Structures are given as structure tokens and as C-alpha cells.
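**Q** Sharing a structure here in C-alpha cells format.
Here, each number is a calculation from the coordinates, and none is a lab measurement. These numbers were taken from a predicted model, which means no experiment stands behind them. Here the Cβ positions follow ideal geometry from the backbone for every residue, glycine too, while neighbour counts run over all protein chains shown.
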Amino acid sequence: MNFKRDISTKTYSGFALSALLVLTILNVLLQNIPGKVERAGEKLLELNAQEGVANAVTTVVVYFRGFDTLGEIAVLFIAALGIGLMLSSHSKVPHKEESNFILQKASKLLFPVIMLFGVYVMIYGHLSPGGGFQGGVIIASGVLLLLISDQNFEIPHSVISALETFAGIAYVLIGLIGLVVLDRFLGNFLPHDISEMGMLFSGGIIPLVYIVVGIKVGSEMSLIVQNLIKRNDDD
Amino acid sequence: MTGLIILSTFIAVIVVAFAVVVQKSLPDAIILFMGVSLGSVVLFFVFQAPDVAMTEAVIGAGISALIFLMALKHFKEER
């Protein structure tokens, strides 16, 4: 009886949420406010052009809201820390079952491609959609594939912690150098000429910061995934 | 034509999200949750937000569903 009531409550709340969603979407679609939107976007693009970065979203995430990104990374770090504290295995017990042949061979083939794609997304974050967060998670998914296919594979904790520490310190250091040179945390102190917009080496510190973010996110997500997979089964 | 695609994707996402809520088996719910993410990817891309679409594809459809599945596996082992 109680269970039934629980299900029906879920159903009604699902209905209510769906109705709310539909109403919101209709509101957004029907509301005609092109002027406001256009003005905000134009102002943003104008500011973005000063930094010489082709992808305006990257400028917002890394430069205009760079301090928020630092906070987001801190949140991710705390999440990884919590999962590590709860799930870290004291005795390394390999999985009992062997993964199947196709997975073993296909992962060997796919892993380099996934890694290359992740690094590409990371490095070209200031030119094309994507960036540090996405690239880091793609790399972590590559690590996940290796972890599933090979029981003995494991990234040493020292490597992960070294990468993560390096990335965190580098982010804050870049920000502090900007503070010293330009009186602004994460100030763009490297040359960022607008004539170089669209080139790989352009945008001053913005690609550097996004690569650092990518390294940090990649190592943290790999740590989370590894802790979840390599968890010590007590039975 | 584009409007039709957008509208049908909206409806599909809402229907699949509803199916996630009423689903009895947890693995099925997780797979359907991936479906919601995939629909959102299409919507984000159509509304000219490729960065968000990429994030959703990688995190929503990829790693979060896998983390859910792994957590479910551990949960089943402990019961």
C-alpha cells in the first residue's frame, strides 16, 4: 500500500514537472525579445574580440568567469576526495572474471584514438567547441575503457596526484601572475593580438588555462572511475 | 522542417524522462536516462550551443551513466 502510494506520488510529480517544463519551453519560444538578446550577445562578442579567442564561450568560461571555473574545479576535487575516502581499496583484489576477447582487443585499438581526441578537444578549446572539461572527461572515459578490459591495469596514485597538484598550482599561479602584472586575477598577460585570432597560438593565457583545467579534470575523473572499479569486494 | 524536428525531439525527451521516473528496473532507467541526455544533445546543438552539447554528450550520456551503472553493480553485490 505504502509502495503503491510512493509510485503514484512519483508519477504525479513527474507529470507536474513535465507540465512545468512544457510551459517554460512554450514561454521561451513564444516570448519575442530579440532586441535584448542581440544586445547582450553583441557586447559579449565585442569584449571577446579584445582577447583574440575564436570561441566566445571559452573566453567567458576561462577569462570573464575564470574565478568561477576555479571554484568548479575545487568542487570536482572535493567530490573526487569524498569518493576516494569512501571507496578506496586497501587490499588490491583483482576482478575475478576475465573480460571477453572482443573487449580486450577493441580497447587496445580504441584507447589511443580516444586519448588523441581528448587531447585535441582540450588543446583546441579556444578555437572550436569543447575545452578542458570535455577533453578531460573524454580522457577519463578512455581510462575507464582500459580499466574495464584489463584487470591488472591501474594508474599509480602518485602519477594522478602529481598531475592534479601540478594543474591546480599552475592555475592559481597563472592567475596570480595576472594579478601582479595587470592588477586582475587571471589577467591576460601574454600577447593576444586580434590579428592572430583562429591560430593555434593565440589568445594569451586562455588556451594555457584550459589545458591546465583539462589535466586536472582528467586526473580527477580518472581517479573517481578507478576508485569505483577497483573497489575491494569484501565477500 | 527544423521546427518539426525540434518539437518532436522536445516531446521525445519529455516522454523518455517520464519513462525514467516510472521505470521499475534500475538498469533500464539508467539506459533511458542516457536517452534523455542524447535528446538534450540534439536540442543544444540545434539551439546553437555546441559547447554545451559536447559537455552533455560526454558527461550526461557517457561518464555519468557509467558511474551510475558501476554504483548499481556495487549496490547489488552488497545486498
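**Q** Going by the structure shown, is residue B:62 facing chain A (nearest Cβ under 8 Å), under 30 Å from residue A:61 (Cα atoms) and not polar (S, T, N, Q)?
**A** yes
**Q** Which of the residues spanning the range B:19-54 are within 13 Å of chain A (Cβ to nearest Cβ) and among the acidic types (Asp, Glu)?
**A** B:51
**Q** Moving on to the next point. Condition first: more than 10 Å from chain B (Cβ to nearest Cβ), touching a residue at least 40 places away in the same chain (Cβ under 8 Å) and surrounded by fewer than 21 Cβ atoms within 10 Å (Cβ to Cβ). Now tell me which residues in the range A:120-146 satisfy that.
**A** Correct list: A:123, A:124, A:127.
**Q** Right, here's the next one. Of all residues in the range B:22-51, how many are surrounded by 18 or more Cβ atoms within 10 Å (Cβ to Cβ), touching a Ser or Thr at 6+ places or on another chain (Cβ under 7 Å) and without any contact (Cβ under 8 Å) to a residue 24 or more places away in the chain?
**A** 0
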